Structure formats: structure tokens, C-alpha cells
Amino acid sequence: MDEQSAIKILFNKVLQQTATEEEKRIVALYLKQQDVAGEELLPFREWEVTEGGLLPDDMLRRMYTHIIENEAPVVQIKKRIWRGSIWYAAAAVVLLVTGLLMFRIHKLEKKTTGSMMYAAAAGSKKTVSLPDGSVVFLNADSRMEFFENSRERCVVLYGEAFFETKQEAGRPFVIKSGDVRTTVLGTTFNIKAYPGENSVSVAVKTGKVSVTAEHPVSGKNGVIFLTAGQRAVYGLQDHRFAQSVIDTVAICGWREDRLVFENASLGDICKILGRQYGVVFQPKDPALFNCIYSVTFNQLTLPETLEKLTLLGDLHFQQQQALITIHGEPCNP
């Protein structure tokens, strides 16, 4: 295999988030050799004052705009693997981010003791043991980044996870999920924050947490305190918190493949089932997704789940590999 083919494979793995740490370092080194204009677009002093290891949105937009307006990727690869279209420009952004993030981690290594990425694909779950002794259970189609320093331990979450955190005096455990920030000292709780959804929910099984949001319009000083059996749902459109009581058994039922739905639309049910089983549900009539059901699935296989859904109403399912088409009559309004 020649160098060009090898680099293409590594780039694809980075874009698909399947690259190992060593492969990411190889990509970062390759970008450095190509004289990527990283410091001009992303001054380290700006990165240094940000919280967490992810790029702020304004920096990412600046990179993307720079690439598009100059009609060429920032990644100036001599063999011109990446050229031309906007898609390739976007790919260049991702690659540049990867390289610069590795550079940032290297420069912060004296202050930051670790930065690790974890992911659970659709249809699977993952148990993560963190260096501080905390344990995170990632739900299907979820990913997270963990890093820590002398002041705090931090997780950036995309998706859903249940946390069992270890208490450390003076070093809180912080979870950032979109606009919502959850701070704890030692407790067990669940956070659901899938990209593309309209809300972020935090539910506490034991202990106490504080929850804040970037643009709150309710709650004293924008802070919500939750104890065992309480849940807060933050609307990303109205920027409001809604608090409620929740059964602590139901908080992490998904860990044991127990899914409970109360007055949920078929669309929401299928979205969650799709993540759990790694499939996609497509209604023959979009109005089917508006039907409301209450149902519990307890450690069922996909065929058993489809059979139980059939019993809820006039629904029929046709599966072709990972695509499941739903047939039936829409519910009466």
C-alpha cells in the first residue's frame, strides 16, 4: 500500500470516529508536516481560556468560513487528496480540528492529566471506567469525552449516559451536554442529551446535583437543584426548566434493556427503539408517528418488540435489513 492510500484510509477513520489514539497522532503529525495554518485560525490563547476540550462554535465557524471563502481546504496536502467541493472543505475542518486538538492536549499536558473519547454505536451499550474511579454507562448511539485537571473532572456528553461518580473534595465532577451543565460531588444520575432533540433531561437516582443552562429563564440565578427521584427537563427552544418526580427504578432502566414509555408518540418510541436495536423505522404514512401509546419493553429481542408493538394497534412491520417500514391506519385525533 502506498503512502497516499494509507493516508486516505486514516483520514476516513478519523471522519468516521473509528481511529485509534495512535492513528489520530499520525494524522496530527501529517497535518503539521503540511504547514496547516492552525495558530492563525485558532490562537492557542483563545483555546486556553475555554472550558473543555471541544472547539467553541465561533472558532469552528471561523475555520469553515476561511476554508470556503478561499475556495480551498486549509489542509494543504501536497498530493491533493482533498480538493474541490464544500464536502471536502468540511472534511478538512474535521481533520484540522483533530490535529489541533491533539496539539492543544500536548500543550496542556502539564495542567491536564488526561483526555479520552468513548462511544457506543447504535444497537450497543458501553461501560466506561474512568481514571478517578467513576463509572459511566453509555446508552446506544452516544459518545463522550472525559478530561480532568487539578480543579475539576469533566465529561462532554452527546447522547445518554448513567453516571456513578466518585466523590473528591474540592474537585467536582461536571457534565456538559449542549447548553446544560450538571455539577456533582458524588452521586448517581442519568443525563439524556441526544443531538437534534429539543430538550436535555437530568434525573437523579441518589445524592444531589446542580444543573445550570446557558440561557435559562426560570430558576433562581439559573440554577436548579435536584435530589433523588427528581428530574429536570430543559427545553432548548423555550429555554425553560421543567421539574418533576420520577421513579428511581425507571431512571436507568435502559441499562437492563427495560424501556418504559408513558403517553409517548409512536415517533418518539421508534426513535429510541431504533437506537437500541440499530435499526431505522419509517412509517408508510407519517401520521402514524403521532399515535400515542403507553408501553413497557422488558429485555425483549427486536422481533419480540415488533410483535408487542403490533398488539398496541393496527400496526404491521416489514423489515428489510436495518430498515423497518410501518404499515397501518393513523390514529383518530
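Values in this text are rule-based calculations from the coordinates and carry no lab data. This is a predicted model, so every value here is computed, not measured. Note that we place each Cβ from the backbone using ideal geometry, even for glycine, and neighbour counts take in every protein chain shown.
Points worth noting:
- Here each label is just a point 7 Å from Cα along the line to Cβ, and for Glu262 and Thr227 those points are 2.0 nm apart.
- Cα gyration tensor shape for region 175-333, rounded if a/c is under 1.5, else prolate or oblate: prolate
- Local electrostatic count at His239 - Lys and Arg +1, Asp and Glu -1, tallied over other residues with Cβ under 13 Å: -2
- Debye intensity ratio I(q)/I(0), log10, region 207-295, q values 0.17 Å⁻¹ (C-alpha model): -0.93
- Simple spin-label estimate for Met116 and Val295 in nanometres, 7 Å along Cα-Cβ: 3.8
- Seen through its C-alpha gyration tensor, with square-root eigenvalues sorted a ≥ b ≥ c, region 279-333 comes out oblate because a/c lies at 1.5 or above while a/b is not bigger than b/c.
- DSSP bridge pairs, region 257-328: antiparallel proportion in percent, nearest 5: 75
- Scanning residues 5 or more positions from Ala228 or on other chains, those with amide H under 5 Å from its amide H are Gly207, with H placed 1.01 Å from N in the peptide plane.
- Gained length - Thr325 relative to Asp179, 0.36 nm times residue gap less alpha-carbon distance: 49.1 nm
- Residue order, fewest to most surrounding Cβ atoms within 10 angstrom, among Ser210, Ser150: Ser150, Ser210
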